[in-house]
Amino acid sequence: MLPLRKKIGYAMGRFPSFLMTFITLTSFYIYGHRFELNWLLTGISLSASYVVIGLTHWFTGYYSDSLKTRWGRRLPFVVLGTPALIVSGFLLFVPNWFLDIADPATETLVFVYYLTTLCLFKFSYAFLMTAYQAWLPEITDENERPLVSSMQNTVNWFADSSGAVLGVMSALLFLQVPPYTLTSDGVMILVAFCLVTLVFSLPSILFIREKPDIMIPTRKLREETSIVLHNRTYVGWILAVGFLSFTFSAFTSQIVGFLEQVLNLTTIESLIPAALTMLGSVFVFLYLWITAIRRIGKRKSLIAGLILLAVMLPLTPFLRDIGGSIGYTVVAIMFFVPFGAGMAIYYLMSYIVPADIAQVDEIVSGESRSGMYTGFLGVPLNMFQAASALVLGWLMDYSEVMTGGELWGLMWWGPVFAPTLLIAALVLHFIDIDPDFDSLRTQTKTSESER
């Protein structure tokens, strides 16, 4: 059993998701709208960053499984990834320190800067968080894992809340006249959150180590990849999460512009109720879904959440007119409560299911390849997100060309991306993500005794 102080220390390591949330919510809109980078180039940059993070997840998963050091397998990745994440995340928002972004002739350089800093940030995040998340089945057993996962989700909620609140109010961090760069207060706020990220990461670096009896695989990357891809449940989970993330990626990239231009929420007074509603809904439903999982299982709970999201998203083209009648803040609250409920179940499952799959494999095979299961998942998942970014970039560019503005694209993304949620729910129907660990152990022991 992991001591409580280490449970808390490990959970604190989820705080770097603050920067990921903030950047995911803002960078696409900031570069396309404020820095006036061509929308298609903005989409290409975002798409390339997903390819980078996907491949990094894969290779980090393999090498963090195989690495042998005096500090363990995962720690070196966490130590190196943390500062790289923080520095690249900060630089992403200050291209004006190096380029004259007000000059249209520098658009190509702005594109290269955005592409480079965003890809470096995504690389650092995958390098850090793949190894960090692979610790979970190696420092906990299945009985305490839901508790540790819920503690992670609490920290993750706090980090995502901070990142999301700052993200939806990001317009207030920038000058309101060209060249729309960060204000001095905006720079200081971003620096402060970068330092908080570092502080929250230190307990994992200082105190967390995997169990000493972990068997390190000696197979090659191709062999390890082949093994995990022969796991039917894992492949099904890859497809389900891939289709789901295709939609989630679009939502997170559009949310700032959606609030600002579709729902006309442009002041602190109007943005805070909407942001707190969505975040509060996610937080409350994280714990309600835990109860649902105990009663009906993970699969049925996740399918219910996906269907709820699929029903809500096609409403995005109509919310502007409805808001004009009953109030935009009211519409935002009515939309984000059920939407937050649907997001919460995926956030919860995204930690538990891969850890469960890895432990089932370890029980059956006697070898730990948690890093490979955690890491390779990022490859197809981010390929789906890369495709989503290209579609979104095309959609926004089409909106500019055909309507002369961004509003049409910010309204109609919902119906375009909603159907993939139903595909994800259909895939989940055919896989088992509710393993019986006690039965598996009994079967394994029986098989070993018969040999």
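Each value in this text was obtained by applying a stated rule to the coordinates, not by laboratory testing. The model shown is predicted, which means the values in this text are computed figures rather than measured ones. Cβ: placed from backbone, ideal geometry, glycine included. Neighbour counts: every protein chain shown.
Descriptive notes on the structure:
- Selection from TYR63, GLY43, LEU128, by position along the positive dipole direction of the chain (Cβ): TYR63
- Highest mean first, the peptides 226-235, 350-359 sorted by other C-beta atoms within 10 Å per residue fall in the order 350-359, 226-235.
- Near-label residues of the stretch 258-286 by backbone N, under 18 Å of a point 7 Å along Cα→Cβ of ASP321: 262-264
- Förster-model FRET efficiency, 30 Å R0, LEU288 and ALA84, C-beta, rounded to 0.05: 0.25
- Amide H to amide H, with H built 1.01 Å from N, ILE433 comes under 5 Å of ARG299, counting only residues 5 or more places away or on other chains.
- The charge dipole of the stretch 370-451, taken about its Cα centre with unit charges on the Cβ of Lys, Arg, Asp and Glu (plus for the first two, minus for the last two), comes to roughly 140 debye.
- A DSSP coil position with no more than 14 other Cβ atoms inside 10 Å describes the following GluC sites (Glu not before Pro) in the stretch 92-194: GLU144.
- For the stretch 107-258, taking Cα atoms only, Rg and Dmax work out to 19.8, 60 Å respectively.
- Under the convention that each Lys and Arg Cβ holds +1 and each Asp and Glu Cβ holds -1, the size of the dipole of the stretch 13-441 around its Cα centre is about 800 debye.
- Remark on PHE174: its backbone amide H falls under 5 Å from those of THR183, a criterion applied only to residues 5 or more positions apart or on other chains, H modelled at 1.01 Å from N.
- Charge tally around VAL155: other residues with Cβ under 15 Å, Lys/Arg +1 each, Asp/Glu -1 each, net +3.
- Residue (of PHE384, THR267, GLY236) at the positive-pole extreme of the chain, dipole from beta-carbon charges: GLY236
- Near-label residues of the stretch 244-267 by backbone N, under 12 Å of a point 7 Å along Cα→Cβ of GLN176: 266-267
- Summed residue charge, Cβ within 13 Å of ARG299's Cβ, Lys/Arg positive, Asp/Glu negative: 0
- Counted by Cβ distance under 15 Å from LEU173, the other residues give a net charge of -1, where Lys and Arg count +1 and Asp and Glu count -1.
- Each label point was placed 7 Å from the Cα along the Cα-to-Cβ direction; for GLU223 and ILE272 their separation is 5.9 nm.
- Estimated distance in nm for a label pair at VAL187 and PHE98, the labels positioned 7 Å out from Cα along Cα-to-Cβ: 1.6 nm
- Over all orientations, the stretch 13-441 has a Cα convex hull whose mean projected area works out to 19.8 square nanometres.
- The chain: DSSP helices with Cα axial extent of at least 27 Å and average Kyte-Doolittle hydropathy no lower than -1.0: 39-66, 107-134, 145-168, 184-207, 232-257, 268-296, 328-365, 370-403
- Rounded FRET efficiency, nearest 0.05, which uses the C-beta distance separating LEU91 from LEU40 and R0 of 41 Å: 0.95
- Mean Cβ count within 10 Å, highest first, over the residues of peptides 86-98, 177-189: 86-98, 177-189
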